[in-house]
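A short worksheet on the structure shown next.
The values are calculated or read from the model by the stated rules, or taken from the named source; none is laboratory data. All figures in this text were calculated on a predicted structure; none of them were measured in a lab. FYI the Cβ positions are ideal-geometry reconstructions off the backbone, even for glycines, and counts take in every protein chain you see.
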Amino acid sequence: EDGVVARARVVLVGPPGSGKSTIGRKLARELGVELFDTDAGIEAETGRSIPEIFAEDGEPEFRRIEEQVVRRAVLEHEGVVSLGGGSVLSARTREVLRGATVVYLEISVGEGLRRTGSSNARPLLNGADPVAKYRELMKQRRPLYREVATVRVRTDGRSPGRVVRMILARL
Ligand code: S3P
């Protein structure tokens, strides 16, 4: 979009379990800036949890809210912005990310799933076969993460501190 310029210093993308929250927190600390987590922003704005929004209004409505919160965060927040794993599904969001520094935290299916654990906090992975679901998500999203990314970092088997140092070296 013309005239739309990201203010965010760094945007983190990647699937659930790729470490966006942990890495985001540490990276923001290292850079001396604030972290804005869009999932938390959605919950603060709606006064509801993400599972509640999915259950009450469905995924399309969640995506609509997410698109707005992400857009505002990327354009207005001057620190690190960590995006919910499905944000890149929106073509408008991908457009908003053009020109921003976007770090894709790459993770294998096995380790990503292991890190998401068995919590109920992620409605998309709550079904009968989380492994199949996660594979399907990655198949659909991998090209989108790659499209928006300016930096790609493999996180498998690496500590958060190591990942943050790798990111800092490439900013
Ligand atoms: C989602 C990921 C979640 C959250 C929502 C949907 C997804 O964020 O936005 O449950 O579609 O992958 P995390 O990537 O922080 O788990």
Fill in: Scope the range 121-134; condition more than 13 Å from the ligand (Cβ to nearest atom) and at pLDDT 85 or above; matching residues
D129, V131, A132
Fill in: Number of the condition not met by V163 [criteria: (1) out of contact with any Ser or Thr (no Cβ under 6 Å at 6 or more places or on another chain); (2) under 25 Å from L31 (Cβ atoms)]
(1)
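Can you tell me which residue within the range 110-131, out of those that are among the aliphatic types (A, V, I, L, M) and either touching a Lys or Arg at 6+ places or on another chain (Cβ under 7 Å) or in contact (Cβ under 8 Å) with a residue 60 or more places away in the chain (or both), is nearest to I50 (Cα to Cα)? Even if it seems obvious, please write down each step before you answer.
First pass over the range 110-131, keeping only residues among the aliphatic types (A, V, I, L, M): 113, 121, 124-125, 128, 131.
From what's left, either touching a Lys or Arg at 6+ places or on another chain (Cβ under 7 Å) or in contact (Cβ under 8 Å) with a residue 60 or more places away in the chain (or both): 113, 121, 124-125.
Working: L113: 19, A121: 7, L124: 11, L125: 13 Å.
Ranking the qualifying residues of the range 110-131, first place goes to A121.
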Worksheet item: For the range 19-33, does any single residue satisfy the condition of being within 13 Å of the ligand (Cβ to nearest atom), under 18 Å from G79 (Cβ atoms) and free of Cβ contacts under 8 Å to residues at least 12 places away in the same chain?
Response: yes
Worksheet entry | Near pairs, Cβ below 8 angstrom, 6+ apart or cross-chain, from the range 132-154 (without any contact (Cβ under 8 Å) to a residue 12 or more places away in the chain) to any residue that is surrounded by fewer than 16 Cβ atoms within 10 Å (Cβ to Cβ) | K133/G127
